[in-house]
Amino acid sequence: MEIAIYFEGGGDSAENKAKLRHGISAFLKPLVDLARQRRSRWSITSCGGRGQAWDAFSDALEKEPEKFNVLLVDSEEAVTASPRAHLQQRDGWNLQGAQEEQVHLMAQCMETWLVADPDALADYYGQGFNRNALPRRINLEDEPKSQIHAALESATRQTQKGSYGKVKHAGKLLTLVSPEKAKPRCHHCDRLFSVLAAKIQS
């Protein structure tokens, strides 16, 4: 079994893509370790924009069908259908050639995973961090993307590291936040771990 993940993020810079890929790899470390134990091959590609992620995933489906290719992108808005149907309806992507379990969402954005672990954010940002600015609802996927970003901005603006910036901070933060804290508050994060763990062990 070989798993290849194509995810949204990193912008146009090779350096920034590398930083975010390192962060995502660290966040998914339990799966990486499981794949290593099972001698499954594993790769993660930071594609830049969501369109580029879709293009890379589609290309992989066509040219490397023997792999378990995975698309991982922001949902951008509330999810009311399956991940595949959500992206077909929202972005107009033709996902008929993909299995449902190959399509995954960071709902409503990757930063939702960060917000799920206030302790890790507080440790990273240090003095001046305002955890009270973060949303407290249990299901963080109900929090609009704009509100997640606004909450991070408010929580971090008085810190020495300055306001949260994806390019500046996301890669490092992903190495610190706990998926075990994100999964209970982010259903689609839990689904990603469950589906991939089952696939590796199958």
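The values are calculated or read from the model by the stated rules, or taken from the named source; none is laboratory data. This one's a predicted model, so the numbers in the text were calculated from it and none came from an experiment. In this analysis, Cβ positions are derived from the backbone assuming ideal geometry, glycine residues included, and neighbour counts consider all displayed protein chains.
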Exactly one of Glu66, Glu77 is loosely packed, with under 15 Cβ neighbours inside 10 Å, touching a residue at least 12 places away in the same chain (Cβ under 8 Å) and either among the basic types (Lys, Arg) or within 15 Å of Lys145 (Cβ to Cβ) (or both), and that residue is Glu77
Going through Glu143, Glu111 one at a time, which residue ends up being in contact with a Pro (Cβ under 6 Å, 6 or more places away or on another chain) and modelled with pLDDT of 95 or more? Glu143
Within segment 125-135, can one find any residue that is under 18 Å from Gly171 (Cα atoms), outside the structural domain of Ser43 (by TED's automatic domain parsing) and of a type outside the set (A, V, I, L, M, F, W, C)? yes
Checked Ala4, Ala78, Ala85 against criteria (hydrophobic (A, V, I, L, M, F, W, C) and more than 22 Å from Glu143 (Cα to Cα)); the one match is Ala4
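Which is in a helix (DSSP H, G or I), outside the structural domain of Leu71 (by TED's automatic domain parsing) and surrounded by 14 or more Cβ atoms within 10 Å (Cβ to Cβ), of Ser163, Ser154, Ser146?
Values: Ser163 fails: in a helix (DSSP H, G or I); Ser146 fails: surrounded by 14 or more Cβ atoms within 10 Å (Cβ to Cβ).
Unique residue meeting the criteria: Ser154.
Looking at segment 13-55 only, could you name the residues that are of a type in the set (D, E, K, R), touching a helix residue (DSSP H, G or I) at 6+ places or on another chain (Cβ under 9 Å) and surrounded by fewer than 18 Cβ atoms within 10 Å (Cβ to Cβ)?
Within segment 13-55, the first condition is being of a type in the set (D, E, K, R), and the residues that meet it are 15, 17, 19, 21, 29, 33, 36, 38-39, 41, 50, 55.
Next, from what is left, pick out any that are touching a helix residue (DSSP H, G or I) at 6+ places or on another chain (Cβ under 9 Å): 19, 21, 29, 38, 41, 50.
Residues satisfying the conditions are Lys29, Arg38, Arg41.
When only residues in segment 167-187 that are surrounded by fewer than 20 Cβ atoms within 10 Å (Cβ to Cβ) and within 20 Å of Gln147 (Cα to Cα) count, which is modelled with the lowest pLDDT? Before you say what the answer is, go through the steps one by one.
From segment 167-187, those surrounded by fewer than 20 Cβ atoms within 10 Å (Cβ to Cβ) are 167-168, 172, 175-176, 178, 180-181, 183-184, 187; that's our starting set.
Restricting the remaining residues to those that are within 20 Å of Gln147 (Cα to Cα) gives 167-168, 181, 183-184, 187.
On the way: Val167: 86, Lys168: 90, Lys181: 97, Lys183: 98, Pro184: 97, His187: 97.
Here the residue is Val167.
Could you list all residues from segment 104-133 that are closer than 22 Å to Leu87 by Cβ, outside any helix (DSSP H, G or I) and of a type outside the set (S, T, N, Q)? Walk me through it before giving the result.
Taking segment 104-133 and keeping what is closer than 22 Å to Leu87 by Cβ, we get 104-113.
After this cut, where a residue has to be outside any helix (DSSP H, G or I) as well, the list is 104-110.
Result: His104, Leu105, Met106, Ala107, Cys109, Met110.
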